[in-house]
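Have a look at the structure below before the remarks.
The values are calculated or read from the model by the stated rules, or taken from the named source; none is laboratory data. Just so it is clear, the model here is predicted, and its values are computed rather than measured. For neighbour counting, all protein chains shown are included, and Cβ atoms are generated from backbone atoms with ideal geometry for every residue, glycine included. Areas reflect the complete protein model, heavy atoms only, side chains present, ligands, DNA and RNA absent. Shrake-Rupley method; radii C 1.70, N 1.55, O 1.52, S 1.80 Å.
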Amino acid sequence: MQEDRLIYLYQKAVNNSISEKEREELFILLADPEAKELYNSLFNWGAGQTTQQEDLFSQPQADALLDRINKINRSPASFKLKPVFTWTAAACVTLLSGLACYHLFYRPAPVKPNREIAQVVPQQPAKAHVMLTLSDGRQVALDSTATEQIIEQKGIHAVNSGKGALTYAKPSGNNAAQPDIVFNTLTTPRGKYYKIVLPDGTRVSLNAASSLRYPTFFSDGQRKVELTGEAYFDVAKDAGQPFVVVTGKQVIAVLGTAFNVKAYTDEPYIKTTLVEGRIKVDPRNGTEAKLLNPGEQATLENNQLQIRKTDTREDISWMSDMFYFSDTDLHTVAHQLQRWYDIEVDYSSLPNARLYGQLPRSTPLLQLLKAIEKTSDIKLKLSNNRLLTAH
């Protein structure tokens with residue numbers, strides 16, 4: 001991310017001296033997920049100078065910018081939603097609104113060097129780390145280093161890339177002694193996700209506020225892991241060794257496939273979404289296990305297992321660092337916001353409503369709430385880091 005350039009363009013927007021070309025460049029820089037924390041600080045700092053607001057982007061400008069961003073960042077998980085004025089378009093309008101109120105109602109100080117401006121921006125509180133808990137109780141903060149890190153353990157070694165992934169090496173050689181099997185736990189805090197490649201080559205992406213318990217070596221017969229929270233599994237094929245995911249209330253058995261499991265303890269259901277291959281979902285309550293085909297979702301709630309067709313893009317949008325809602329219940333949305341932005345939610349104050357739209361998860365929370373308000377009758381506010389309905 002070009003931090004100095006972003007700060008420079010931010011300052012020009014504040015001073016109302018930014019050109020249309022520079023305004024577009026600023027928006028594109030802000031679309032970078034790595035800009036999230038810096039923009040959050042800049043926005044909170046600027047917005048704190050006034051209580052009024054005016055949009056920097058007109059609707060035609062917002063639509064034009066949205067079209068360009070879609071072309072730049074287009075991916076299989078991204079598409080436009082109805083109605084025409086979607087939540088994403090609203091985000092284009094609201095993302096920089098705090099800057100307009102700043103230059104309209106606050107007399108800026110003389111221009112300072114870029115770096116000095118960055119120094120006066122309030123620092124965001126440090127977040128919890130992605131943590132690997134070893135079998136002997138030792139803990140390793142995986143996201144605390146930007147360089148490669150080797151983790152040796154009981155004849156097995158793993159490589160922390162320093163770029164959001166932990167990879168276990170397969171034991172080499174047919175005559176190599178079988179290593180001791182020990183269990184580690186990978187835990188993600190709110191606001192972060194992480195990837196891991198298990199000893200068999202299975203790739204797992206772990207969403208925010210989740211944990212995965214797994215062996216450092218899969219012995220003959222079965223590959224089994226335990227999940228709390230949400231994860232996407234791309235299972236390495238092995239016909240002689242089934243892969244099993246245990247969520248506490250449910251068991252999923254596969255040979256080689258790709259699927260998403262959502263099993264948070266603060267939500268009353270477990271959702272399993274199959275992207276490719278076939279899986280068997282066993283509710284472990286005495287009822288019959290069900291087989292899923294691609295594009296189907298199994299929901300276990302109140303000991304009842306229901307299978308339905310689903311739009312898999314919503315369930316795996318977090319893998320592309322996106323919020324994606326398609327007739328999604330507001331309470332479900334609030335759970336996602338709670339886990340990603342590390343806030344608390346007053347669920348009792350939320351109305352029964354449903355949302356459509358998509359936004360990058362790099363969008364600052366205050367701007368996301370304004371986008372919701374612009375495209376619905378729902379007004380939400382933050383009070384002491386707690387989300388509730390505004391009256």
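For segment 344-368, the set of residues classified as more than 18 Å from the chain's Cα centre (by Cα) and among the small types (Gly, Ala, Ser) consists of 348, 349, 353, listed by residue number. Just one of the listed residues (169, 177, 109) is open to solvent by less than 80 Å² (accessible area, probe 1.4 Å), modelled with pLDDT under 95 and either over 30 Å from the mean Cα position of the chain (by Cα) or acidic (Asp, Glu) (or both), namely 109. Pairs meeting the criteria (first residue in segment 198-216 and within 15 Å of residue 259 (Cα to Cα) and part of a strand (DSSP E or B), second residue open to solvent by 10 Å² or more (accessible area, probe 1.4 Å) and of a type outside the set (Ser, Thr, Tyr), beta carbons under 6 Å, at least 6 apart or on different chains) are 203/197; 203/234; 205/195; 205/319.
Results for (1) among the small types (Gly, Ala, Ser); (2) more than 27 Å from residue 164 (Cβ to Cβ); (3) open to solvent by 10 Å² or more (accessible area, probe 1.4 Å); (4) not in a helix (DSSP H, G or I), shown as yes or no for each residue.
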| position | (1), (2), (3), (4) |
| --- | --- |
| 291 | no, yes, yes, yes |
| 305 | no, yes, yes, yes |
| 333 | no, no, no, no |
| 372 | no, yes, no, no |
| 381 | no, yes, yes, yes |
| 391 | no, yes, yes, yes |
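Yes/no matrix, rows are residues, columns are (1) within 22 Å of residue 322 (Cα to Cα); (2) in contact with a strand residue (DSSP E or B) (Cβ under 6 Å, 6 or more places away or on another chain); (3) open to solvent by less than 10 Å² (accessible area, probe 1.4 Å); (4) at pLDDT 95 or above:
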{"site": "196", "(1), (2), (3), (4)": "yes, yes, yes, yes"}
{"site": "206", "(1), (2), (3), (4)": "yes, yes, yes, yes"}
{"site": "218", "(1), (2), (3), (4)": "no, no, no, no"}
{"site": "225", "(1), (2), (3), (4)": "no, yes, yes, yes"}
{"site": "232", "(1), (2), (3), (4)": "yes, yes, no, yes"}
{"site": "239", "(1), (2), (3), (4)": "no, no, no, no"}
{"site": "242", "(1), (2), (3), (4)": "no, yes, no, no"}
{"site": "259", "(1), (2), (3), (4)": "yes, yes, yes, yes"}
{"site": "262", "(1), (2), (3), (4)": "yes, yes, no, yes"}
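With respect to the conditions (1) over 27 Å from residue 154 (Cα atoms); (2) open to solvent by less than 50 Å² (accessible area, probe 1.4 Å); (3) in a loop (DSSP other than H, G, I, E, B), residue 249 lacks only one, and its number is (2).
Hey, any hits in segment 119-135 for a residue that's over 20 Å from residue 209 (Cα atoms) and modelled with pLDDT of 90 or more? Steps first, answer last, please.
In the first step, residues of segment 119-135 are kept if they are over 20 Å from residue 209 (Cα atoms); the result is 119-123, 135.
Of the ones still in play, those that are also modelled with pLDDT of 90 or more are 135.
The answer is yes; a qualifying residue exists.
If you go through segment 335-367 and pick out every residue that is farther than 18 Å from residue 209 by Cβ and assigned to a helix (DSSP H, G or I), you end up with 4.
Set side by side, the residues 295, 357 differ, and just one is farther than 22 Å from residue 248 by Cβ, touching a residue at least 40 places away in the same chain (Cβ under 8 Å) and small (Gly, Ala, Ser), which is 357. In segment 272-284, the condition of being crowded, with 16+ Cβ neighbours inside 10 Å, over 19 Å from residue 205 (Cβ atoms) and under 22 Å from the mean Cα position of the chain (by Cα) is met by no residue. Under the condition of being of a type outside the set (Asp, Glu) and open to solvent by 70 Å² or more (accessible area, probe 1.4 Å), the residues counted in segment 143-163 number 8.
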